[in-house]
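Visitor: After the structure tokens below, expect a handful of questions from me.
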Amino acid sequence: MGWFNYFGLAVMAVVMIPNIVYAAVQKDAAVDRYRNKAAYLAEQIGRYGCFVLMIFNVPYTYFNFWFAHALTVYLCVNGGLCVAYLAFWAIFRNKNGKLKALSLSVIPSCIFLFSGVVLASIPLIAFAIVFSVTHILISYKNIGE
């Protein structure tokens with residue numbers, strides 16, 4: 001794999017499509033109860049860092065697939081996580097609660113972390129950790145129960 005990761009682009013598209021549809025249909029549905037600017041800033045830095053590094057392999061910062069059949073494992077695991085993510089979106093499309101918030105924040109976190117480890121991408125792992133911690137925290141804190 002060269003500097004452009006077509007598989008990562010496909011994974012990002014699958015993850016982003018339900019979010020874009022939700023944002024377009026439910027313009028005023030999101031209520032931010034947790035107002036921590038540092039956490040939101042860290043989440044956005046982690047999010048966009050993951051987006052970029054899932055698609056673009058920056059030379060000398062990643063070591064490509066580091067074990068035999070890693071591409072197959074990468075595709076199978078990320079494919080399964082994407083299917084699970086879409087399934088949770090479909091199941092919880094009109095509901096709110098802890099299970100929805102946590103499943104829709106943990107699954108993309110797993111995708112980013114797993115991809116970083118399998119690609120041996122140090123920056124992707126770092127951004128994924130920042131994103132995971134803050135995204136799960138914010139999602140959990142925004143549940144109004």
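The values are calculated or read from the model by the stated rules, or taken from the named source; none is laboratory data. Quick caveat, the model's predicted, so the values are computed rather than measured. Note that each Cβ is placed from the backbone with ideal geometry, even for glycine, and that neighbours are counted across all protein chains shown. When the accessible area is computed, the model is the full protein with side chains, heavy atoms only, and any ligands, DNA or RNA have been set aside. Shrake-Rupley method; radii C 1.70, N 1.55, O 1.52, S 1.80 Å.
Visitor: Test of understanding: among Gly97, Gly80, which residue is at positive phi and either of a type outside the set (Val, Ile, Thr) or touching a residue at least 12 places away in the same chain (Cβ under 8 Å) (or both)?
Guide: It is Gly97.
Visitor: If you don't mind, another one. Please specify each residue of the stretch 3-32 satisfying the condition of being modelled with pLDDT under 85 and open to solvent by less than 50 Å² (accessible area, probe 1.4 Å).
Guide: The one that is modelled with pLDDT under 85 and open to solvent by less than 50 Å² (accessible area, probe 1.4 Å): Ala29.
Visitor: Name the single residue that is most open to solvent (accessible area, probe 1.4 Å) among those in the stretch 98-129 being of a type in the set (Gly, Ala, Ser) and either touching a Lys or Arg at 6+ places or on another chain (Cβ under 6 Å) or under 15 Å from Val52 (Cα atoms) (or both).
Guide: Restricting to residues being of a type in the set (Gly, Ala, Ser) and either touching a Lys or Arg at 6+ places or on another chain (Cβ under 6 Å) or under 15 Å from Val52 (Cα atoms) (or both), the top hit is Ala126.
Visitor: Checking the structure you have, find out if any residue of the stretch 91-105 is within 21 Å of Met1 (Cα to Cα) and modelled with pLDDT of 95 or more.
Guide: No.
Visitor: Among what's in the stretch 54-73 and is touching a Ser or Thr at 6+ places or on another chain (Cβ under 7 Å) and not in a loop (DSSP other than H, G, I, E, B), pick the residue that is farthest from Ser109 (Cα to Cα).
Guide: Filtering the stretch 54-73 for residues that are touching a Ser or Thr at 6+ places or on another chain (Cβ under 7 Å) and not in a loop (DSSP other than H, G, I, E, B), the one farthest from Ser109 (Cα to Cα) comes out as Tyr62.
Visitor: Residue check: is Leu86 over 30 Å from Tyr34 (Cβ atoms), part of a helix (DSSP H, G or I), touching a helix residue (DSSP H, G or I) at 6+ places or on another chain (Cβ under 8 Å) and not basic (Lys, Arg)?
Guide: No; evaluated as a whole, the condition is false for this residue.
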